[in-house]
1. From the phi of every residue in the stretch 98-107, what ³J(HN,Hα) in whole Hz does the Karplus formula 6.51 cos²θ - 1.76 cosθ + 1.60 yield, where θ is phi - 60° and glycine or proline is x?
2. Just the accessible area for M36, please: 1.4 Å probe, Å², rounded to the nearest 10?
3. Under a 1.4 angstrom probe, counting protein chains only, how are R151, R61 ranked by accessible area, largest first?
4. Would you mind getting me the FRET efficiency between T11 and L44? Use the beta-carbon distance for r and R0 = 45 Å, nearest 0.05.
5. Looking at A111, A93, L148, which one has the Cα that reaches farthest to the positive end of the dipole of the chain (charges on Cβ: Lys, Arg +1; Asp, Glu -1)?
6. In Å², what does the accessible area per residue of the chain work out to with a 1.4 Å probe?
7. Using the Kirkwood formula over every pair of different C-alpha atoms, what hydrodynamic radius in Å results for the stretch 12-169?
8. Leaving ligands, DNA and RNA out of it, report the carbon-plus-sulfur percent of the accessible area of the stretch 23-150 at a 1.4 Å probe.
Amino acid sequence: MNPIPSPFPVTVVAPPPEWWQILGALSPLAVLAAAMVAAIVALLSLRQKARADNRSEWWRRAQWALDASRSRSRSEAEMGQKAIELLGQSDLASREELALLKVGTEDALLAAAKASETRTLTPSQRPASVSPEDRKVQIAAAKARVMLDQRLSEDTPGWIVALSQEAPG
(Lines give C-alpha, C1' and ligand atoms only; values in the text may rest on other atoms or scores of the structure.)
Protein backbone atom coordinates (compact mmCIF):
# COMPACT_ATOMS: atom_id res chain seq x y z
CA MET A 1 0.00 0.00 0.00
CA ASN A 2 1.00 3.44 -0.83
CA PRO A 3 0.81 5.84 1.89
CA ILE A 4 -1.19 8.94 1.03
CA PRO A 5 0.56 12.03 2.10
CA SER A 6 -1.41 14.21 4.37
CA PRO A 7 -2.44 17.55 2.93
CA PHE A 8 -0.79 20.63 4.18
CA PRO A 9 -2.12 24.12 3.85
CA VAL A 10 -0.70 26.36 1.19
CA THR A 11 -1.34 30.08 1.23
CA VAL A 12 -1.01 31.98 -2.01
CA VAL A 13 -0.55 35.65 -1.54
CA ALA A 14 -1.49 37.69 -4.61
CA PRO A 15 -1.07 41.39 -4.94
CA PRO A 16 -4.30 43.48 -4.82
CA PRO A 17 -5.90 44.02 -8.20
CA GLU A 18 -4.86 47.06 -10.16
CA TRP A 19 -7.44 49.82 -10.93
CA TRP A 20 -7.62 48.82 -14.58
CA GLN A 21 -8.44 45.24 -13.60
CA ILE A 22 -11.36 46.43 -11.48
CA LEU A 23 -12.53 48.70 -14.28
CA GLY A 24 -12.27 45.83 -16.76
CA ALA A 25 -14.41 43.65 -14.49
CA LEU A 26 -17.12 46.35 -14.42
CA SER A 27 -17.23 46.91 -18.19
CA PRO A 28 -20.17 44.51 -18.78
CA LEU A 29 -22.21 46.59 -16.33
CA ALA A 30 -21.25 49.78 -18.17
CA VAL A 31 -22.36 48.25 -21.48
CA LEU A 32 -25.66 47.18 -19.91
CA ALA A 33 -26.24 50.66 -18.45
CA ALA A 34 -25.48 52.30 -21.82
CA ALA A 35 -27.88 49.93 -23.57
CA MET A 36 -30.63 50.73 -21.06
CA VAL A 37 -30.13 54.48 -21.50
CA ALA A 38 -30.22 54.10 -25.29
CA ALA A 39 -33.41 52.02 -25.05
CA ILE A 40 -35.11 54.60 -22.82
CA VAL A 41 -34.14 57.46 -25.16
CA ALA A 42 -35.41 55.50 -28.17
CA LEU A 43 -38.69 54.69 -26.41
CA LEU A 44 -39.26 58.32 -25.43
CA SER A 45 -38.43 59.43 -28.97
CA LEU A 46 -40.91 56.96 -30.45
CA ARG A 47 -43.61 58.05 -28.03
CA GLN A 48 -43.03 61.71 -28.87
CA LYS A 49 -43.12 60.99 -32.61
CA ALA A 50 -46.35 59.01 -32.27
CA ARG A 51 -47.96 61.86 -30.32
CA ALA A 52 -46.82 64.41 -32.92
CA ASP A 53 -48.20 62.22 -35.70
CA ASN A 54 -51.52 61.85 -33.86
CA ARG A 55 -51.76 65.61 -33.30
CA SER A 56 -51.00 66.24 -36.97
CA GLU A 57 -53.77 63.85 -38.02
CA TRP A 58 -56.12 65.44 -35.45
CA TRP A 59 -55.45 68.86 -36.98
CA ARG A 60 -56.10 67.55 -40.52
CA ARG A 61 -59.49 66.28 -39.33
CA ALA A 62 -60.20 69.56 -37.55
CA GLN A 63 -59.54 71.49 -40.76
CA TRP A 64 -61.98 69.25 -42.59
CA ALA A 65 -64.60 69.70 -39.86
CA LEU A 66 -64.21 73.49 -39.87
CA ASP A 67 -64.51 73.59 -43.66
CA ALA A 68 -67.51 71.25 -43.62
CA SER A 69 -69.26 73.28 -40.90
CA ARG A 70 -69.40 76.23 -43.32
CA SER A 71 -70.58 74.18 -46.29
CA ARG A 72 -73.66 75.18 -48.29
CA SER A 73 -74.78 71.56 -48.09
CA ARG A 74 -76.79 71.33 -44.89
CA SER A 75 -76.02 67.63 -44.40
CA GLU A 76 -72.28 68.30 -44.74
CA ALA A 77 -72.54 71.29 -42.41
CA GLU A 78 -74.32 69.13 -39.82
CA MET A 79 -71.64 66.46 -40.19
CA GLY A 80 -68.97 69.14 -39.74
CA GLN A 81 -70.60 70.35 -36.50
CA LYS A 82 -70.78 66.79 -35.19
CA ALA A 83 -67.12 66.26 -36.12
CA ILE A 84 -66.22 69.45 -34.25
CA GLU A 85 -67.94 68.04 -31.17
CA LEU A 86 -66.06 64.72 -31.44
CA LEU A 87 -62.71 66.35 -32.11
CA GLY A 88 -63.23 68.67 -29.15
CA GLN A 89 -63.46 65.67 -26.85
CA SER A 90 -59.97 64.47 -27.82
CA ASP A 91 -57.07 64.77 -25.40
CA LEU A 92 -54.93 65.78 -28.37
CA ALA A 93 -56.61 69.20 -28.57
CA SER A 94 -54.92 72.08 -26.75
CA ARG A 95 -56.86 75.02 -25.29
CA GLU A 96 -56.03 77.12 -28.34
CA GLU A 97 -57.29 74.44 -30.69
CA LEU A 98 -60.51 74.09 -28.71
CA ALA A 99 -61.00 77.84 -29.03
CA LEU A 100 -60.48 77.52 -32.80
CA LEU A 101 -63.10 74.79 -32.94
CA LYS A 102 -65.53 77.16 -31.19
CA VAL A 103 -65.18 79.53 -34.13
CA GLY A 104 -66.59 76.79 -36.36
CA THR A 105 -69.85 76.83 -34.39
CA GLU A 106 -70.43 80.59 -34.53
CA ASP A 107 -72.14 80.95 -37.93
CA ALA A 108 -74.78 78.34 -37.15
CA LEU A 109 -75.35 79.76 -33.66
CA LEU A 110 -75.68 83.31 -35.02
CA ALA A 111 -78.29 82.04 -37.47
CA ALA A 112 -80.10 80.35 -34.58
CA ALA A 113 -80.00 83.57 -32.55
CA LYS A 114 -81.45 85.54 -35.46
CA ALA A 115 -84.16 82.91 -35.94
CA SER A 116 -85.15 83.12 -32.27
CA GLU A 117 -85.32 86.94 -32.51
CA THR A 118 -87.75 86.71 -35.41
CA ARG A 119 -90.16 84.65 -33.32
CA THR A 120 -90.95 87.78 -31.29
CA LEU A 121 -91.85 89.78 -34.40
CA THR A 122 -95.35 89.99 -35.75
CA PRO A 123 -96.14 87.46 -38.50
CA SER A 124 -95.96 90.12 -41.22
CA GLN A 125 -92.41 91.07 -40.15
CA ARG A 126 -91.06 87.50 -39.93
CA PRO A 127 -88.81 86.11 -42.62
CA ALA A 128 -89.31 82.55 -43.80
CA SER A 129 -88.93 80.07 -40.97
CA VAL A 130 -85.78 78.03 -40.48
CA SER A 131 -85.71 74.83 -42.50
CA PRO A 132 -85.45 71.52 -40.62
CA GLU A 133 -82.00 70.94 -42.16
CA ASP A 134 -80.76 74.30 -40.92
CA ARG A 135 -82.18 73.59 -37.47
CA LYS A 136 -80.27 70.27 -37.36
CA VAL A 137 -77.06 72.17 -38.11
CA GLN A 138 -77.87 74.71 -35.38
CA ILE A 139 -78.61 71.99 -32.82
CA ALA A 140 -75.37 70.16 -33.71
CA ALA A 141 -73.47 73.46 -33.37
CA ALA A 142 -75.09 74.08 -29.97
CA LYS A 143 -74.10 70.60 -28.75
CA ALA A 144 -70.54 71.18 -29.94
CA ARG A 145 -70.43 74.60 -28.24
CA VAL A 146 -71.69 73.23 -24.92
CA MET A 147 -69.02 70.52 -24.94
CA LEU A 148 -66.25 72.95 -25.96
CA ASP A 149 -67.26 75.44 -23.27
CA GLN A 150 -67.14 72.64 -20.69
CA ARG A 151 -63.63 71.64 -21.82
CA LEU A 152 -62.52 75.28 -21.69
CA SER A 153 -64.25 75.87 -18.31
CA GLU A 154 -66.32 78.68 -19.80
CA ASP A 155 -69.97 79.51 -19.28
CA THR A 156 -72.40 78.66 -22.06
CA PRO A 157 -75.35 81.02 -22.63
CA GLY A 158 -78.64 79.48 -21.58
CA TRP A 159 -80.23 79.72 -25.00
CA ILE A 160 -77.38 77.64 -26.48
CA VAL A 161 -77.83 74.99 -23.76
CA ALA A 162 -81.59 74.95 -24.47
CA LEU A 163 -80.95 74.65 -28.21
CA SER A 164 -78.53 71.76 -27.64
CA GLN A 165 -81.28 69.86 -25.83
CA GLU A 166 -83.78 70.22 -28.66
CA ALA A 167 -84.60 67.12 -30.65
CA PRO A 168 -83.66 67.49 -34.32
CA GLY A 169 -86.87 67.57 -36.27
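The values are calculated or read from the model by the stated rules, or taken from the named source; none is laboratory data. On a predicted model such as this, the values are computed, not experimentally measured, just so you know. Here the Cβ positions follow ideal geometry from the backbone for every residue, glycine too, while neighbour counts run over all protein chains shown. In case anyone asks, the SASA skips ligands and DNA or RNA and just uses the protein heavy atoms, side chains included. Shrake-Rupley method; radii C 1.70, N 1.55, O 1.52, S 1.80 Å.
1. 5, 5, 5, 5, 4, 4, x, 8, 5, 4
2. That residue has around 110 Å² of solvent-accessible surface.
3. Most to least solvent-accessible, the answer reads R61, R151.
4. 0.25
5. A111
6. I get 72 Å² per residue for this part.
7. 19.6
8. That share works out to 60 percent.
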